[in-house]
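Q: Handing you a structure now.
The values are calculated or read from the model by the stated rules, or taken from the named source; none is laboratory data. Quick caveat, the model's predicted, so the values are computed rather than measured. With ideal geometry, Cβ positions are generated from the backbone for all residues, glycine too; neighbour counts draw on all protein chains shown.
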Amino acid sequence: MLFTECTLENLDEILNLKPLPFNKMPILQTWLNGTSEVSEYEQKYLLMLQEYLQNNVLAWNEQELAMHFIGPVFALVQFSYDQKFNLFAERSFSGVVESIEMSGRPDGMIATGYREPKKPYFCFQEYKKEKDPNGDPAAQALAAMLVAQEVNEHQFPIYGCYVRGRHWHFMALQGKEYGISDSYAATKNEIYDILRILKVLKQMLIERVK
């Protein structure tokens, strides 16, 4: 099964998953409510990116959205640490979930490794343009997270997010249960929350690999 073929409905049915309201999933709430300072420099940089997004979000395709907005936001966080993990893009990724072979090329994933991804750790993103997107980005991200959970032998929760134009949704998976946050609009002041949540994720990863 390709990630791009997945829907939340068929994943729930085939794998007997249990979607939870995001405010009923403690591991997701802990992540979303974590604290991390957004510096004055970061605020100014985000405002520049935000203006660019506001002017173009309805016109950009997925690649343009990733190049002009999502990539710069992730670069601000600098998802690498002591060559122990890094942020990778469009890398082939596959595994078996309950005898079902699943595969795809997530738009982004954080994994152990420096030049090549080894063990996928927490975060997977699927980027979609805002107008007339193709596929189900939530299901595609969840499918990749399910494979990551198997690769990591269910040792800890898997975190992810998907982006549709201006809207960011954060996700968590633990066993058969998963939750998806309300959207955070990057064209509003919630852009600061988006960066804060990503910075909290980095700190969680650092604690994991120490």
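Q: What is the number of the single condition among (1) of a type in the set (D, E, K, R); (2) under 15 Å from Leu2 (Cα atoms); (3) not in a loop (DSSP other than H, G, I, E, B) that Glu90 does not meet?
A: (3)
Q: Please find, within the range 167-179, the residue that is surrounded by the most Cβ atoms within 10 Å (Cβ to Cβ) out of those that are under 14 Å from the mean Cα position of the chain (by Cα) and not aromatic (Phe, Trp, Tyr).
A: Across the range 167-179, the extreme among qualifying residues is Ala172.
Q: Considering only residues that are out of contact with any helix residue (DSSP H, G or I) (no Cβ under 6 Å at 6 or more places or on another chain) and more than 20 Å from Leu76 (Cα to Cα), look in the range 99-112 and name the one that is surrounded by the fewest Cβ atoms within 10 Å (Cβ to Cβ). Walk me through how you get there before you give the answer.
A: Within the range 99-112, the subset out of contact with any helix residue (DSSP H, G or I) (no Cβ under 6 Å at 6 or more places or on another chain) is 99-101, 103, 105, 107-112.
Narrowing further to those that are more than 20 Å from Leu76 (Cα to Cα): 99-101, 103, 105.
Numbers: Ser99: 5, Ile100: 14, Glu101: 11, Ser103: 16, Arg105: 15.
Once the filter is applied, the top-ranked residue is Ser99.
Q: Tell me which residues, restricted to the range 101-125, are in contact (Cβ under 8 Å) with a residue 60 or more places away in the chain and farther than 23 Å from Thr4 by Cβ.
A: The one that is in contact (Cβ under 8 Å) with a residue 60 or more places away in the chain and farther than 23 Å from Thr4 by Cβ: Thr112.
Q: While we're here: Among the numbered criteria (1) surrounded by 13 or more Cβ atoms within 10 Å (Cβ to Cβ); (2) part of a helix (DSSP H, G or I), which one does Asn55 miss?
A: (1)
Q: Tally the residues that are in contact with a Leu (Cβ under 9 Å, 6 or more places away or on another chain), over 17 Å from Glu207 (Cβ atoms), modelled with pLDDT of 90 or more and not β-branched (Val, Ile, Thr), restricting the search to the range 76-131. Before you say what the answer is, go through the steps one by one.
A: Applying the first criterion (in contact with a Leu (Cβ under 9 Å, 6 or more places away or on another chain)) to the range 76-131 yields 76-81, 84-85, 95, 97-98, 100, 102-104, 108-111, 121-124, 127-131.
From what's left, over 17 Å from Glu207 (Cβ atoms): 76, 95, 97-98, 100, 102-104, 108-109, 124, 127-131.
This time we only want the ones that are modelled with pLDDT of 90 or more, so: 76, 95, 97-98, 100, 102-104, 108-109.
Filter once more, keeping what is not β-branched (Val, Ile, Thr): 76, 95, 98, 102-104, 108-109.
The number of residues fulfilling the criteria is 8.
Q: List pairs: first residue in the range 182-210 and closer than 19 Å to Ile70 by Cα, second residue assigned to a loop (DSSP other than H, G, I, E, B) and of a type in the set (Asp, Glu) anywhere in the structure, Cβ distance under 9 angstrom, at least six positions apart or on different chains.
A: What qualifies is Arg196/Glu37; Lys199/Glu37.
Q: Considering only residues that are of a type in the set (D, E, K, R) and farther than 17 Å from Leu195 by Cβ, which ones fall in the range 19-70?
A: So in the range 19-70, the residues of a type in the set (D, E, K, R) come out as 24, 37, 40, 42, 44, 51, 62, 64.
The answer is Lys24, Glu62, Glu64.
Q: A further question follows. All but one of (1) modelled with pLDDT of 95 or more; (2) exposed (fewer than 13 other Cβ atoms within 10 Å of the Cβ) hold for Asn23; state the number of the condition that does not hold.
A: Unmet for Asn23, out of (1) modelled with pLDDT of 95 or more; (2) exposed (fewer than 13 other Cβ atoms within 10 Å of the Cβ): (1).
Q: A further question follows. Tell me the residue from Arg196, Arg208 that is more than 19 Å from Lys24 (Cα to Cα), at pLDDT below 95, of a type in the set (D, E, K, R) and part of a helix (DSSP H, G or I), please. Outline the logic, then answer.
A: On the way: Arg196 fails: at pLDDT below 95.
The match here is Arg208.
Q: If a residue must be of a type in the set (Phe, Trp, Tyr) and over 15 Å from the mean Cα position of the chain (by Cα), how many such residues does the range 180-210 contain? Before you say what the answer is, go through the steps one by one.
A: Taking the range 180-210 first, the residues of a type in the set (Phe, Trp, Tyr) are 184, 192.
Next cut, over 15 Å from the mean Cα position of the chain (by Cα) only: 192.
Here the count works out to 1.
Q: For the range 73-87, give me each residue that is under 15 Å from the mean Cα position of the chain (by Cα), assigned to a helix (DSSP H, G or I) and in contact (Cβ under 8 Å) with a residue 24 or more places away in the chain.
A: Passing the criteria: Val73, Phe74, Val77.
Q: Would it be correct to say that Ile70 is closer than 23 Å to Asn134 by Cβ, surrounded by fewer than 16 Cβ atoms within 10 Å (Cβ to Cβ) and among the hydrophobic types (A, V, I, L, M, F, W, C)? Outline the logic, then answer.
A: Values: closer than 23 Å to Asn134 by Cβ: yes; surrounded by fewer than 16 Cβ atoms within 10 Å (Cβ to Cβ): no; among the hydrophobic types (A, V, I, L, M, F, W, C): yes.
The answer is no for Ile70.
Q: Then there is this: Any idea which residue in the range 26-46 is nearest to Gln203 (Cα to Cα), counting only those that are in contact (Cβ under 8 Å) with a residue 12 or more places away in the chain and in a helix (DSSP H, G or I)?
A: Among them, the one singled out is Trp31.
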